[in-house]
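Please read the structure below before turning to the comments.
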Amino acid sequence: MTEPEKPQTTIAVDGAVFRLAEDTDVDELARSVAAAARSGAEFVTFQTPEAVDVRLLITSISSVSIATQQTAASWEPIPATPWEWE
C-alpha cells in the first residue's frame, strides 16, 4: 500500500537546507526573513521536525528560498550524488 503524501516545507539559506516543523507558520517565517534582510542582518529562528531550534543570521546578501512539496509520509533526504569531472 502506498503511503499518503503530505506537504513538507524546507528553507534553504546560502546552500544549507533545513526541513521545517509541520506547525511552522511559513508566511510569518518569510516575513521574518524579509525583515532581517531589509535591516542588514538579524537572526531568524525556526524549528525542525526533530524539535531542534535553528537560528540563522540572515543578511542583505543571503540567498534564501522556501519550498513546499508533497512527500511520502516516511520522507528521507535524497542521497548526495558525487560529481564526476571530465
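The values are calculated or read from the model by the stated rules, or taken from the named source; none is laboratory data. What you see is a predicted model; the values in this text were computed from it and never measured. Every residue, glycine among them, receives a Cβ derived from its backbone with ideal geometry; neighbour counts consider all protein chains shown.
Numbers below:
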item	result
Test: residue in the range 29-47 that is of a type in the set (Lys, Arg) and surrounded by 11 or more Cβ atoms within 10 Å (Cβ to Cβ)	yes
Subset of the range 14-44 (residues that are aliphatic (A, V, I, L, M), closer than 14 Å to Leu57 by Cβ and modelled with pLDDT of 95 or more)	Val33, Ala35, Ala36, Ala37, Ala41, Val44
Residue among Glu42, Glu50, Glu28 that alone is more than 15 Å from the chain's Cα centre (by Cα) and more than 15 Å from Ala12 (Cα to Cα)	Glu42
Test: residue in the range 4-12 that is over 15 Å from Gln69 (Cα atoms) and aliphatic (A, V, I, L, M)	no
Any hit, the range 57-65, residues being closer than 28 Å to Pro79 by Cα, part of a strand (DSSP E or B) and more than 11 Å from the chain's Cα centre (by Cα)	yes
Residue count, the range 4-55 (criterion: of a type in the set (D, E, K, R) and part of a strand (DSSP E or B))	6
